[in-house]
Structures are given as C-alpha cells and as structure tokens.
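Here the structure is laid out as structure tokens; the discussion comes afterwards.
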Amino acid sequence: MPDKEQPDDLIWGRHPVLEAQCANRPLRRLLVAKGAHGPIIDEIFDLARQARIPYDLRDKTQLDRLAGPHHQSVVAYQAAATYADFDQLLASLPESGALLVFLDQIQDPHNLGAIIRTAHALGAQGIVVPEREAAGLSPAVLKASAGAAHHLPVCRVANLQKALQKTADRGLFIAGLDAEGDRPFTEVDFAQPCALVIGSEGKGLRRMVQKRCDALLQIPMAAESVGSFNASVAAGIVLYEVFRQRQ
C-alpha cells in the first residue's frame, strides 16, 4: 500500500491510468518507469501525446516511494480543474482591454494559485503555463486560488515562446518582468492590449522567453539586498498597475 505521504491526487496502475485517460479525466502529468513496455504502456503513451499530457520517465524506486509497490510502472497526477484551449482563448479576447498572464516555469503551487486568484480579481482573461517544468492545476493550486481556477481559463502549452508569438501576432504588447529590466513597470502604457510574462521563482525569465518580449520591466525596490520579489507578489504589484491605469 502507498505510504501516508502519498498525495490524494494520484492514480497508479496500468489499467486505472488507462481508464482515466479513456474517460477524459483531466490529468496534469504522467510518470512512467524507465524500461516499461507492453501494449497498455504503448496505448498510455499514445493517449498522453494526443491529449498533450506531459510525461516523464523515472526510476522504478521513485515510483515505489511515491505510490507503493503496486504501481505497475505507471503513476498519474489528476488535475483539479480542466485546462482551457489556448487558441480558443486567444480568439475570444476582446478588441480592447485584453490581458493575459504567462508564467515561465512557475513551480510552486501556492505561487501559481495566488497568481490565478490575483489575475482573476484584476481583470485578466487567462493564464498560460508551459507543459514541462511548471506547476499544474493540482488541489493545492485550486485551494491557493480560492476557487478562481474554476473561473479563470488556465491554458497549458507545449511551447511558451510560440504561444507568445501568437499573442504578439494578435496585437498584444508583451511585457516581461525581470530584475534586470530596462525600465520601471510604471513607465509602460498598460491601457493597450497586453500580456504580462512572469519568470520562475529562482531563475526568472528564460533567455528565449525574454526575446519574445517587447519590453523587460523591473519593479524598483527600496532595499535590494533581499533580492527580488516573490513571483506572486511581483505579479500582484504589476497587475494592480494594469488595473489602475484602465480605470
């Protein structure tokens, strides 16, 4: 049996995971033991690719620790909410007042939940996260969002840079938050349709993501010795400025 630390959003075993996929239950990630093979494993991989569910290959001992000895080489994390389609979200944006929030590999579920909550409260139309190296819609995220994840579309994309390019083609101004940004965020006209891009807790924005931004903005600080703002705090500060300018 799994140990007492096992998360309550896990499904394990070949048939249970396959049945969850066939029933279109929202899954946020698959873990498959290295070297696992067979017709069911092949079908699980095929369905994961079709549904764009990210998967990782892990040592069997890691799956043992996570789900106990009866996982049959497959573990799935259930999503607490269903992801929205990015292209549909992009097509539905208003001509004026469009606001999207892109998160570049935010891994802390509490940060993700807090950003979703703030974005929903301050008028964003959606959140966009990458499939890999990022927190998904787990129960912890849903709780931290205070239910906002059920109301604000959250999209998961295979390539964040391509999604940003599509957004720019749609006419949105792309503003990236970076500790080494060229100018303070208060100098930008946020009344225009725009997308805000926020980097991960430790590394900030990746270089290729920075290149997709029209401007890199910083948040001035009185005491820079503490480093940079927490990702969710930084998001809240700038999202409120967007909201303030649009009133």
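Among ARG206, ARG28, ARG117, which one moves the most in a GNM of the chain with springs linking Cα atoms closer than 10 Å?
Looking only at ARG206, ARG28, ARG117, the largest GNM fluctuation is found for ARG206.
Kirkwood hydrodynamic radius, the stretch 1-124, all distinct C-alpha pairs: what's the number in Å?
Values: mean 1/r = 0.0607 Å⁻¹.
Radius from the Kirkwood sum: 16.5 Å.
So which residue, out of LEU90, LEU100, LEU196, gets the largest mean-square fluctuation from a GNM of the chain using Cα contacts under 10 Å as springs?
Comparing LEU90, LEU100, LEU196 in a Gaussian network model of the chain, the most mobile one is LEU90.
Take the alpha carbon atoms of the stretch 110-163, find their center, do the same for the stretch 180-225, and report the distance between the two centers in whole angstrom.
Measuring centre to centre over Cα atoms gives 18 Å.
Of all the accessible heavy-atom surface of the chain, with the other protein chains kept in place and a 1.4 Å probe, what percent is carbon and sulfur? Spell out each step's value before the answer.
Numbers: 6060 of 12320 Å².
Carbon plus sulfur share of accessible area: 49 percent.
List every residue whose amide H lies under 5 Å from the amide H of TYR55, counting only residues 5 or more places away in sequence or on a different chain, with H placed 1.01 Å from N in the peptide plane.
LEU30
Suppose a student asked you for the relative contact order of the chain, using Cα pairs under 8 Å spaced at least 6 residues apart; what percent would you report?
Values: 463 pairs, mean separation 47.2, N = 247.
Normalised by residue count, the contact order of the chain is 19 percent.
Show which aspartates and glutamates lie in cross-link reach of LYS203 when reach means a straight Cα distance below 16 angstrom and same-chain residues fewer than eight apart are skipped.
ASP104, ASP108, GLU133, ASP178, GLU180
Which stretch or stretches of the stretch 17-31 have amide N atoms under 18 Å from the point lying 7 Å from ILE40's Cα along the Cα→Cβ direction?
Answer for this model: 17-25, 30-31.
Springs between alpha-carbon pairs under 10 angstrom, Gaussian network model over the chain: which of ALA98, ALA231, ALA23 fluctuates most?
ALA23
I want to check the label-to-label distance for ALA158 and GLN88. Put each point 7 Å from Cα in the C-beta direction and report it in nm to one decimal.
1.9
Of all DSSP beta bridges located in the stretch 1-154, what percent are antiparallel, nearest 5?
Working: 8 of 16 bridges.
So the antiparallel bridges in the stretch 1-154 amount to around 50 percent.
Ratio to report: Rg/Rh of the chain, with Cα atoms as the point set and Rh obtained by the Kirkwood method; give two decimals.
Details: Rg = 19.3 Å, Rh = 19.0 Å.
Using only Cα positions, Rg/Rh for the chain is 1.01.
Can you work out ³J(HN,Hα) from phi for every residue in the stretch 88-96, in order, using Karplus 6.51 cos²θ - 1.76 cosθ + 1.60 and θ = phi - 60°, giving whole Hz and x for Gly and Pro?
Whole-Hz 3J(HN,Hα) from phi for the stretch 88-96: 5, 4, 4, 5, 8, 5, x, 5, 10.
If you add up the charges near GLU201, with Lys and Arg at +1 and Asp and Glu at -1, over every other residue whose beta carbon is less than 15 angstrom from its beta carbon, what do you get?
Details: positive: LYS203, ARG206; negative: ASP104, ASP108, GLU133, ASP178.
Every neighbour counted, the sum reads -2.
Note down the nm distance, to one decimal, between modelled labels 7 Å out along Cα→Cβ at ARG65 and at THR186.
In this crude spin-label approximation the distance works out to 4.7 nm.
Please report Rg (one decimal) and Dmax (integer) in Å for the Cα set of the stretch 100-163.
10.5, 30
Which ³J(HN,Hα) values in Hz, rounded to whole numbers, follow from the phi angles of the stretch 174-183 under the Karplus curve 6.51 cos²θ - 1.76 cosθ + 1.60, where θ = phi - 60° and Gly and Pro get x?
Whole-Hz 3J(HN,Hα) from phi for the stretch 174-183: 9, 10, x, 8, 8, 4, 9, x, 6, 8.
The values are calculated or read from the model by the stated rules, or taken from the named source; none is laboratory data. This is a predicted model, so every value here is computed, not measured. Virtual Cβ from ideal backbone geometry, glycine too; neighbours counted across all protein chains shown. Note: areas computed on protein heavy atoms with side chains; ligands, DNA, RNA excluded. Shrake-Rupley method; radii C 1.70, N 1.55, O 1.52, S 1.80 Å.
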